[in-house]
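The values are calculated or read from the model by the stated rules, or taken from the named source; none is laboratory data. Owing to the predicted nature of the structure, the values given are computational and were not obtained by experimental measurement. No Cβ is skipped: glycine too gets one built from the backbone with ideal geometry, and neighbour counts run over all protein chains shown.
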There are 2 protein chains.
Amino acid sequence: MQLPSSLLENAVSEFAKLPGIGKKTALRLVLHLLKQEEVDVNHFSETIAQMRSGIKFCKRCFNISDSDICAICSNSMRNKHLICVVENIRDVIAIESTDQFSGAYHVLGGIISPLDGVGPNDLTIEALINRVEKEEIEELVFALNPNIQGDTTIYYIQKKLQNSTCKITTIARGISFGGELEFADELTLGRSLANRLPVESYVR
Amino acid sequence: MQLPSSLLENAVSEFAKLPGIGKKTALRLVLHLLKQEEVDVNHFSETIAQMRSGIKFCKRCFNISDSDICAICSNSMRNKHLICVVENIRDVIAIESTDQFSGAYHVLGGIISPLDGVGPNDLTIEALINRVEKEEIEELVFALNPNIQGDTTIYYIQKKLQNSTCKITTIARGISFGGELEFADELTLGRSLANRLPVESYVR
């Protein structure tokens, strides 16, 4: 695809660096911006730059924040002795939108994945261990994606905390609401049978 | 979806203004930028702003250009008496990538569509009529999308040029290569029968 202008070409290749955006989509986005008023495009561009330079990470839980301690950690209504351990900020947003969790978080910044070159020291695991020791944490709920890397990470952290009295749990895994039994994989179906629940706890 | 930072929220809502980008995709893009080096994000942001402020439109054909006259109009190898009329710049790029057209272009900037509030005066139709009169244009090839608005636009311009000797044609419409006859709509199949071609012109 040959573009008629080098300025256009540069903008398209910048957009095409974003995940899931190919050259054609990038061109569509750039041509859309080209149709907007210059002041709006400058606002777009400044907002992005400000976001990158101004955003902070919470010193306690590593969630995104406008200040040193994030809104969740500084909220006195939340149970600080219950920590949900997640891989990234998107997971915090997903769990917050359920309105079912009233504790605090800990964002690992990834999961242990030797194949991708991610080891325990690349994550905020040490900070988590320190928190468990110092903040009198009663329960860690792991909400990691259900795969080998997630399980490895849980196992690693559990080993590190084996002398602690902190309870360690993980979110339930099983058949999704609206899922069809016949299309569930054997592992999920097998586990959901093994971890079956009394009906009274299910129908609330 | 509640976001933990107003800077993040602003950046996400700027991205979500782009066509085809919803809030979730916008968040994914912003979090990707957040992981990049600050200098790279600044480069991204500056490239976009520069593109909007620096890009010009060719004074002759309204294609995108780095200078007053675009690379195609100023190319002496191209046939200036043959003009391909297109709706927008993306169509120029699409036709250029076929390597089958050696004339010049005219970008209308849209098509006549009263329902969307686009009339002839919102487009570069007057400039096109002037070009036909002054530049000794021999043929106008319309390459507009095959729909009512496209046909209306062709009809309008043809009426305006009825006293001119300029030949007016449109790109062929029919069954696509690789298309299946049984799935073609009646209008396309009907027209492609009515406009059937001698086989020697088809097998080149």
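The figures follow:
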quantity	calculated
Residues of the range B:93-111 satisfying the condition of being farther than 22 Å from A:Leu31 by Cα and in contact with a Leu (Cβ under 9 Å, 6 or more places away or on another chain)	B:Phe101, B:Ser102, B:Gly103
Selected residue (only one of B:Ile168, B:Ile129, B:Ile137 is surrounded by 12 or more Cβ atoms within 10 Å (Cβ to Cβ), in a loop (DSSP other than H, G, I, E, B), at pLDDT 90 or above and hydrophobic (A, V, I, L, M, F, W, C))	B:Ile137
Total residues in the range B:140-160, condition within 15 Å of B:Asn88 (Cα to Cα) and either modelled with pLDDT under 90 or outside any helix (DSSP H, G or I) (or both)	6
Some residue of the range B:161-178 being of a type in the set (A, V, I, L, M, F, W, C), more than 20 Å from the chain's Cα centre (by Cα) and over 20 Å from B:Ala94 (Cα atoms)	yes
Only listed residue being more than 23 Å from A:Glu133 (Cα to Cα) and of a type outside the set (D, E, K, R), chosen from A:Ile64, A:Ile83	A:Ile64
Selection from the range B:48-73 of residues that are over 18 Å from A:His43 (Cα atoms) and among the charged types (D, E, K, R)	B:Lys56, B:Lys59, B:Arg60, B:Asp66, B:Asp68
Residues that are assigned to a helix (DSSP H, G or I), modelled with pLDDT under 80 and either surrounded by 11 or more Cβ atoms within 10 Å (Cβ to Cβ) or of a type in the set (A, V, I, L, M) (or both), drawn from the range B:182-200	B:Val199
The range B:30-70: number of residues that are surrounded by fewer than 16 Cβ atoms within 10 Å (Cβ to Cβ) and within 17 Å of the chain's Cα centre (by Cα)	2
Residue list for the range B:1-29, restricted to those being among the small types (Gly, Ala, Ser), modelled with pLDDT of 90 or more and surrounded by fewer than 20 Cβ atoms within 10 Å (Cβ to Cβ)	B:Ser13, B:Ala16, B:Gly20, B:Gly22, B:Ala26
Search result, residues across the range A:145-159 that are crowded, with 16+ Cβ neighbours inside 10 Å and of a type in the set (A, V, I, L, M)	A:Ile154, A:Ile157
